[in-house]
Amino acid sequence: MKGVIFTEFLDLVEENFGYETVDTIIEKSSLSTNGAYTAIGTYPHSEMFQLIGNLSQEKNIPVEVLLRLFGKHVFSVLMKSFPTHTRHISHTFQLLESIENHIHVEVRKIYPDAELPHFQITRLDDNTIEMIYTSKRKMADLAIGLIEGCFDHFNEKGTVQKTNLKDDGSEVRLLILKK
Amino acid sequence: MIEIEILKRRFEREREARKCAEAILEKKALELFNVNQDLLAFNGSLEHLIDERTHALETSQSRLSTLISNMNAGILLEDENGKIVLVNQAFCDIFNIAVPPHLLLGSDCSDSLTDVLNLFSNPDQFGKRIFEVLSNRQIVSAEEIKMVDGRIFSRDYIPIFIKNEYLGHLWEYRDVTNEVLVQEKLRASEDKYRGIIENMELGLLEVDNDGNIVTAYPRFCEMIGYTQGELIGKKAVKTLLPKEYYAVLNTQINERAAGRSGVYEVQMIKKDGERIWALISGVPIFDIAGNVTGALGIHYDISNQKKLQHDLEFARQKAEAAQEAEKQFLANMSHEIRTPLNAIIGMSHLLHDTSPSEEQKEYLTILKNSAEMLRMLISDVLDISKIRSGKLEIQQKEFDVVGMVRSLAKSVQLRLNDRPLSIEVKIDDRIENTVIGDDLLLNQILTNLIGNAEKFTSEGKIEITVKIKAKVANHFLLEFIVADTGIGIPEDKLGLIFQTFRQVDGDIKRKFGGTGLGLSITKQLIELQGGSIEVQSELGKGSKFIFNLPYKDSGNKISVKEYSVPTLSNIQTAAIKVLVVEDNYMNRKYISTLLKKWNITYSMANDGKEGFEMAQKEKFDIIFMDVQMPVMDGYESTIAIRNSKNMNADTCIIALTASAMLSQKDKAFQAGMNDYLSKPFTPDQIVEKIQKYCSSEKNGTSKTEENDSDTEGGAFFKFNKRLDAKLLEELYFNDWDYVREMFKIFIENTVPEYSTLQNAFVAEDWEEVRRLAHKIKPTFSMVGLSDIEALMLELEHSAKNRVPKEALEEIFGRIEAKLPQGIEAVESDFNKLRLIEV
């Protein structure tokens, strides 16, 4: 997992709960880096799960909620980091529909070793998209957060309904409705 | 305290993160540096490549401009705005431009056009043409431009387009003054030779590949009567040739197209319609690339020569006709002479029987001998003239050499009779097959040689030997030897005997007679067939004539039947009684003659009713019954005989049918007949039926009948080509008396009956036509006119079936067309047969 995700996550935790919480969840987790992350590094994604799991316990907030919130935040960070790649995109559905064939293609150019989730996108009607999320990371909620961040970014309103297609959450159906 | 700990850890984490980031960055920086180094290296090689290419381009450009500046042709390259891009020294020289070429670059040509116009012989035209060419923007090549100073230029204009965009043009001026002068000289020289040819009365005509006249020269026009103007552009063949020569010309045109010349003669039509004969020598005209662009014909009027040739041909034909008439006269005269001669010989024989005095007898003998000699002389002269005129045809037909030699010997033996002279025949027993060759000629050769031997041998023997001298594949070389024990020939005369009109000496001539032609004819006959002859002789002891002749092996075994008439060897013929029921006179005559010859007793009935009546009176062993007869036909007669109480109820009845048609056969069997014979039938077939059906108790002692005269005569007469010789041979077995008799009946009966048929046809009495056609029909094959018989049958059937008149007329027309020739052939053969009667 890219280091920027870790640094952004820890910044977000610090911003909302103070560095004490950051220290606590780092100390509680067993991390290869002892919590020293740099945005340009690459780290095992299991560390992210540990950090989020410990934060959930510490603050008594479900992991799903945390992931959504984090996703929403990461979206705005990503938009700032890669403005050229999204210059031609003007609304949420357009972005969603370009993930597989455009965005992921560009990502692989920059990070050849990135392990990306797979999205199968079907436009059901003008205002509905069905998205099948497949990833062994089982982080569909992060994706929901990202989508919500996207709606916010384009000043649009929409909801996302989640249905697990596999119990472990490795395959999830997301029904995205634009209002 | 806790805060301090947290802060410490935070600081530691951030320091760690920074170190880690620094390490990553350092690694990235190194990567970047390496990539940058690679890029620099690549850039360097790229620059080098560009340098090389630029240099090559410069070299090529400089080469091009050097080439252009040094070209003999003046080159001017202008851009789309008329500005000079390139110009060479030659161009400046041509137009007397003093400025060096490189200073002209960029200037406008049209500015200086007026300065150079006065250099051209026709400045206005030059200016106009330049303007025209520039506005057309199309390639112009080899335009000839004349200068005031006498120079001549060939100008090319090439517009330059790149992707359809006009980017300027190129002018090229080449000094062709010398070439043009040379060409003019050539043309002058060509004109000179053409003039010479014209003066030789040879008319020249030039056409293009489509046959259109391009040039017609004065002498040709004079020859054909047209003016040049009238001919140019016209189709030469259509205008000048009669239709019957189109084919000749087409062949010639194809030859020209293939680049070949040829000489031929045709008639040509002059303007006034008169025809002339022309000898034409045609040659193809080529362009520089070697393609045929047209043809030139050199015409020579040969009308006078043709007339002369025609007159000569006419004279030749006249001369030949005269010669032919002479030959015909000779042939006719020989016949004419032979007829009275035969009478003289015949009469002298008769006179012998009128008890003349000794003196008269002596005169008669002289008379007879002289006449015989005269006859021999004439036939020798005829033979010689036939051989000399090349009219003698060598036949290739199958025959039995052994049989021929034996029968010849036998007839000589009969002739020798009481003379102290015998004849012996020795034949190589390897000759098992019949051969293919000319039997008549061999017969004549042997007859001559044996005749000579007989003449010059008073006692002793004549020996004839035949043996195979060589055999290659299926060809024989047979050697014949005729040896005698006669007076022989003196050695110094041996060389003379084969020469025409030469005999050993005058004494011989007086003593033995003869024309002196015999051996000469014999030798020529042998040599004509590819053989040779020699003679060995000892004076007083005898002579030996040895000759050989090539023959082809037929592959067929010699059958004993050949050269013999059918015989009734196993039947006591006298005991057999035959009834012949037949309405046709010729058929009656035919059968009766045969039966007479075999000593068979027979009765004749003219129709079925008469036949039935005779069958009731007398017992017969066999009845031959024609099926179609008036009054009562053969079927009715048979039914009557079979179903009434009479002696012949069980007698064998053989149907004589007109054709081998199944319906007739079936009908015959149903009527109670035992067998049938299809007309025309041969003696063999009659014999076969008699042997088959006549009861065995009558077969008694063998009785062989021989008739030497039949075989002897056989070889000497040949039927007219119009007649079916094979059929006639089968029918009559060379019994010439018999043939003569049958031909006579045909001429005396059938021919008049045919006129009756003609009358009936004109009167459109179809029933009568049918009856007569049926009646006379069988007689035609009896004289070898089987084809007419078939037509008669067709006529009979058509008349019976009442087919439309047109169809009948068509058949009758065919008969009318064929018959006169047939009758003529029968009459001619009949006359010839009468001649050999003596």
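Values in this text are rule-based calculations from the coordinates and carry no lab data. Only a predicted model underlies this, so the values are computations on that prediction, with no experimental measurement involved. No Cβ is skipped: glycine too gets one built from the backbone with ideal geometry, and neighbour counts run over all protein chains shown.
Distant-in-sequence amide contacts of residue B:476, defined by a placed amide H-H separation under 5 Å and a gap of 5 or more residues or a different chain, comprise B:551, B:552, B:553. In plain terms, the chain from residue B:177 to residue B:536 could stretch by 119.8 nm, reckoned as 0.36 nm per residue minus the Cα-Cα distance. Computed on the Cα trace of chain A, the radius of gyration divided by the Kirkwood hydrodynamic radius gives Rg/Rh = 0.96.
Semi-axes of the equivalent ellipsoid for region B:426-492, computed as √(5λ) from the eigenvalues of its C-alpha gyration tensor and ordered from largest down, come to 27, 13, 11 Å. Computed from the Cα positions only, the extents of region B:128-235 along the three principal axes stand at 59, 34, 22 Å, in decreasing order.
For residue B:719, no residue 5 or more places off, or on another chain, has a built amide H under 5 Å of its own. Principal axis extents of the Cα atoms in region B:60-182, from largest to smallest and rounded to whole angstrom, are 39, 30, 28. Ranked by how many other Cβ atoms sit within 10 Å of their own Cβ, fewest first, the residues A:106, B:132 fall in the order B:132, A:106.
Over the Cα atoms of region B:275-322, each weighted equally, I'd like the Debye log10 I(q)/I(0) at q = 0.14, 0.22, 0.27, 0.33 Å⁻¹, rounded to two decimals. Cα-only, vacuum Debye calculation for region B:275-322: -0.56, -0.79, -0.91, -1.06. Diagonalising the gyration tensor over the Cα atoms of region B:246-314 and scaling each eigenvalue by 5 before taking the square root yields semi-axes of 28, 12, 10 Å, largest first. What the phi angles of region B:59-69 give under the Karplus curve with 6.51, -1.76 and 1.60, with θ = phi - 60°, is a coupling list of 4, 5, 5, 5, 4, 4, 6, 5, 4, 5, 5 Hz, glycine and proline written as x. Mean partner shielding of peptide B:6-16, defined as the number of other chain Cβ atoms within 10 Å of each residue Cβ, is 4.
Just so you know, the Cα atoms of the protein assembly as shown work out to an Rg and Dmax of 64.3, 204 Å.
Helix B:608-617 against the longest principal axis of chain B: what's the angle in degrees, Cα atoms only, rounded to the nearest 10? Orientation of helix B:608-617: about 40 degrees from the principal axis. Model label points for residue B:373 and residue B:425, set 7 angstrom from Cα along the Cα-to-Cβ axis, are 3.3 nm apart.
Projecting the Cα atoms of B:586, B:162, B:39 onto the charge dipole of chain B (Cβ charges, centred on the Cα centre) puts B:586 farthest toward the positive pole.
How do B:718-731, B:479-492 rank on mean C-beta neighbours within 10 Å, highest first? Let's see the in-between values first.
Values: B:718-731: 16.1, B:479-492: 18.5.
In decreasing order of mean packing, B:718-731, B:479-492 become B:479-492, B:718-731.
Roughly what percent of Cα-Cα pairs across chain B reach past 55 Å?
Numbers: 188374 of 350703 pairs.
Of all Cα-Cα pairs in chain B, 54 percent lie more than 55 Å apart.
Here residue A:28 is the anchor, and the lysines within straight C-alpha reach of less than 26 Å, apart from those fewer than 8 places off in the same chain, are A:2, A:59, A:72, A:136, A:138, B:8, B:19.
With 32 Å as the limit, the listed pairs B:397/B:541; B:597/B:619; B:185/B:238; B:185/B:306; B:689/B:805; B:557/B:619 have B:397/B:541; B:185/B:238; B:185/B:306; B:689/B:805; B:557/B:619 beyond it between alpha carbons.
On a 0 to 90 degree scale, rounded to 10, what angle separates helix B:751-762 from the longest Cα axis of chain B? It is inclined by approximately 60 degrees. Counting only residues at least eight positions apart within a chain, or on another chain, the lysines with an alpha carbon under 23 Å from that of residue B:128 are B:83, B:146. Ellipticity at 222 nm from helices only: DSSP H runs of n ≥ 4 in chain B, each -39500 (n - 2.57), divided by the residue count, give -17500 deg cm²/dmol. For the peptides B:802-808, B:151-157, the ranking by mean Cβ contacts within 10 Å, running from highest to lowest, is B:151-157, B:802-808.
Grab the beta carbon distance between residue B:3 and residue A:87, set R0 = 35 Å, and tell me the FRET efficiency rounded to 0.05. Display every interim value, and only then the final one.
On the way: r = 45 Å, r/R0 = 1.29.
Computed FRET efficiency for residue B:3 and residue A:87: 0.20.
Full extension of the chain between residue B:729 and residue B:642 gives 27.7 nm of extra length, using 0.36 nm per residue less the Cα-Cα distance. Students often forget the sequence filter, so: which lysines lie under 23 Å Cα-Cα from residue B:234 once same-chain residues fewer than 8 apart are removed? In chain and number order, the partners are B:243, B:270, B:271. Rounded to the nearest 5, the antiparallel percentage of DSSP beta bridges internal to chain B is 75%. Ranking B:61, B:446, A:24 by how far each Cα lies toward the positive end of the dipole of the protein assembly as shown (charges on Cβ) leaves B:446 at the top.
Can you order the peptides B:96-108, B:364-376 by their average number of other Cβ atoms within 10 Å per residue, highest first? Could the numbers behind the result be given before it?
Working: B:96-108: 12.3, B:364-376: 15.2.
The peptides rank, most packed first, as B:364-376, B:96-108.
Can you give the Rg to Rh ratio of region B:200-261, both from alpha-carbon atoms, with Rh computed by the Kirkwood formula? Walk me through the numbers before you get to the answer.
Details: Rg = 11.8 Å, Rh = 12.2 Å.
Ratio of gyration radius to Kirkwood radius for region B:200-261: 0.97.
Please state the charge dipole magnitude for chain B, taken about the Cα centre, from unit charges on C-beta atoms (+1 on K and R, -1 on D and E), reported in debye and rounded to the nearest 20. List each step's numbers first, then the result.
On the way: 103 positive and 129 negative charges, 386 e Å.
Around 1860 debye, computed over chain B.
With the convex hull of the Cα atoms taken as the outline of region B:782-837, the averaged projected area works out to 4.1 nm².
Between the beta carbons of residue A:122 and residue A:42, assuming R0 = 35 Å, the FRET efficiency works out to 0.60 to the nearest 0.05. One way to sum up the overall shape of region B:355-480 is the equivalent ellipsoid from its Cα gyration tensor, whose semi-axes run 34, 21, 11 Å, largest first. Close amide H pairs (under 5 Å, H built 1.01 Å from N) link residue B:622 with B:577, B:579, residues at least 5 positions away or on another chain. Counting other Cβ atoms within 10 Å as a rough exposure proxy, the listed residues B:475, B:48, B:169 run B:48, B:475, B:169 from fewest neighbours to most.
Magnitude of the charge dipole for region A:33-179, about its Cα centre and with charges confined to Cβ atoms of Lys, Arg (+1) and Asp, Glu (-1), is about 220 debye. Taking the C-alpha atoms only, the angle from helix B:246-257 to the longest principal axis of chain B is near 40 degrees.
Could you please report the charge total around residue B:802, scoring K, R as +1 and D, E as -1 over all other residues with beta-carbon less than 11 angstrom from its beta-carbon? Here the charged neighbours net out to +2.
The dipole here belongs to the protein assembly as shown: it is taken about the Cα centre, uses +1 on the Cβ of Lys and Arg and -1 on the Cβ of Asp and Glu, and is about 2140 debye. Picking from B:218, B:6, B:754, whose Cα lies most toward the positive end of the charge dipole for chain B (charges on Cβ: Lys, Arg +1; Asp, Glu -1)? Going by the Cα projections, it comes out as B:754. The percentage of C-alpha pairs in region B:112-152 whose separation is greater than 16 Å is 39%.
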